[in-house]
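What follows is a set of notes on a single structure, which appears directly below.
The values are calculated or read from the model by the stated rules, or taken from the named source; none is laboratory data. Computed from a prediction, not measured in an experiment: that's the story for all the values here. Positions of Cβ are generated from backbone atoms using ideal geometry, with glycine treated the same way; all protein chains shown enter the neighbour counts.
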Amino acid sequence: MYQLLRTALCLGLPKRAATCIAVLCAGWLSVGAVQASEDTFEPNFPRTMSWSAYNLGTTGYNQAVAIGKALKDNYDVNLRVLPGKNDVSRLLPLQRGRVQFSANGVATYFGQEGVFQFAGKTWGPMPLRIVLASHGDSNQALGVANDLGIKTYADLRGKRVPFVRGAPALNVTTQAFLACGGLTWDDVERVDFPGYNAMWTGVVNGQVDAAYATTVSGPTRKLEASPRGIFWPPAPHDDDGCWQRMAKVVPFMQKHVATRGAAISVENPHEGATYPYPILITLASQEPQIVHDLAKAIHLHYDEYKTADPGSIGWAMERQNFQWVVPYHDGSVRYLKSIGVWSDEAEAHNQRLIERQAVLAAAWQAHKAADPEDFVEAWMQRRADALVAAGFEPVWR
C-alpha cells in the first residue's frame, strides 16, 4: 500500500485523498488475490473420498453430505459417507483405513485418550487430528421435565436420571452436568436404559425426570410437545464452582449461549455448555497436502453448504476453536497459518496436545508388551501414572 500512496501523491492529489485511493486499491488487489487463489486452486484429492459419520438423517450426516456436494460441484470428487450407529462403528473404519476421514463427535477425545470402549486390546489411544469442526448455535445439556419445577442442576437431587448401557459419551456427560450442581450418581436415582431414544421416551412417559442431549436433538421436541414440557437448567458462565467440577469430569466442554433447540430461541437463549459437532478428524499419518486442501475447500466453499443443515453454520472460520482438547493436523495448521488465523498460543497448545498423545502411545506400547491379565484396569492405572509423570492431568484414573 505504501507504493500505492507514493504514486497517488506523485499525481498531485492531496494527502487525504491519496490515502483513501491507496486503501481502496489495496482492497481491490486483496480481493483479486483471493479470487485468483480460488481460481487457481487445484486440490490433491482422490477421485473418491470416504468419510464415516453419524446415522442417516442426523445433523452430522447431513452436514457431511452437504460438504460432499460442494466437493463434487467444484472438484468432481465423489464423497462416500459411511453411516455409523455408534462411536466404534465410526472410528473403526478410520483405524482400519477404510475411510480417510470421520465426521465424529466427542468420542474423538475418548479415542485419543484410550478410555472407555477404546481401552481394550484392539484399540488403545489413537493419534487423531482435527481438520476443522462445526460450532453451531445449540448446547449440550440435561433436559428436564418442566412439570417438576426444576430450575438448577442441584434440584435434580433425589430425581430419576437415566444411564444408557454401553454409551459412555452419554453417561459421562450426564455425570458432568450433575457435578455442575454439586451432585454425583449417588445423589440421584439411576435408571438404566438400552439406548438414547429409549431414554428420551422414558422422560416423556414419566419413567425418568431428565436426560442428556444436544438441544436440537429430535427426541427433545417430543418432550417439548408432551404434557410434561421441557426445561434446560443453565450452567451459569460466572459459576466458577460449576465449571471447575465439570472440567474434572469432561474437560472438553466450553461455555456457550445457545439460540437453537427445544424451547430455546434467540428470544429465549440458554446459557450453558457445548463442544464441537461434528468434528472432522483423520489420523496423524494422513497425507498433509490432502488435509491442507480439504481444510481450504471447506473454508472457500462455506457459502455453498452453510444453509444445507441448521448446524452447517458452525463450519465458519470465525467459529473455530483452535485450543480444544484434540490437536489439529499439520496440513490444517499450514492452511490456517496461510490465512492468518493461527496464533502462537494455538501452536503452543497444539504441540502440548501432540506431546500428550506421544506419552499415551509410549505407555500403550509398554502395556501391550506386559499384557497383564486385568488388561483394561491395569491400562487405566498405567495411563494415569504416565500422564502424571509427564505433567498432564489424566482426567480418568
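Is it true that some residue in the range 220-227 is closer than 21 Å to Q175 by Cβ, modelled with pLDDT of 95 or more, of a type outside the set (A, V, I, L, M) and in contact with a helix residue (DSSP H, G or I) (Cβ under 9 Å, 6 or more places away or on another chain)?
Within the range 220-227, not a single residue is closer than 21 Å to Q175 by Cβ, modelled with pLDDT of 95 or more, of a type outside the set (A, V, I, L, M) and in contact with a helix residue (DSSP H, G or I) (Cβ under 9 Å, 6 or more places away or on another chain).
State the number of residues belonging to the range 102-122 that are in contact (Cβ under 8 Å) with a residue 12 or more places away in the chain and more than 15 Å from G166 (Cβ to Cβ).
12
Looking at the range 132-141, is at least one residue at pLDDT 95 or above and more than 28 Å from V203 (Cβ to Cβ)?
Yes; the residues of the range 132-141 include at least one that is at pLDDT 95 or above and more than 28 Å from V203 (Cβ to Cβ).
Only residues that are more than 24 Å from the chain's Cα centre (by Cα) and not in a helix (DSSP H, G or I): list them for the range 356-397, please.
Correct list: D371, P372, E373, D374, A390, G391.
For the range 314-341, which residues satisfy the criterion of being closer than 22 Å to A107 by Cα, surrounded by fewer than 20 Cβ atoms within 10 Å (Cβ to Cβ) and in contact (Cβ under 8 Å) with a residue 40 or more places away in the chain?
Result: R319, N321, D330.
Only residues that are under 20 Å from the mean Cα position of the chain (by Cα), surrounded by fewer than 22 Cβ atoms within 10 Å (Cβ to Cβ) and not in a loop (DSSP other than H, G, I, E, B): list them for the range 257-290, please.
The answer is V257, E271, L283.
Could you list all residues from the range 53-66 that are under 15 Å from P276 (Cβ atoms), outside any loop (DSSP other than H, G, I, E, B) and at pLDDT 85 or above?
A53, G60, Q63, A64
Select, from D293, D344, D371, the only residue that is crowded, with 19+ Cβ neighbours inside 10 Å and either of a type in the set (D, E, K, R) or free of Cβ contacts under 8 Å to residues at least 40 places away in the same chain (or both).
Matching residue, one of D293, D344, D371: D293.
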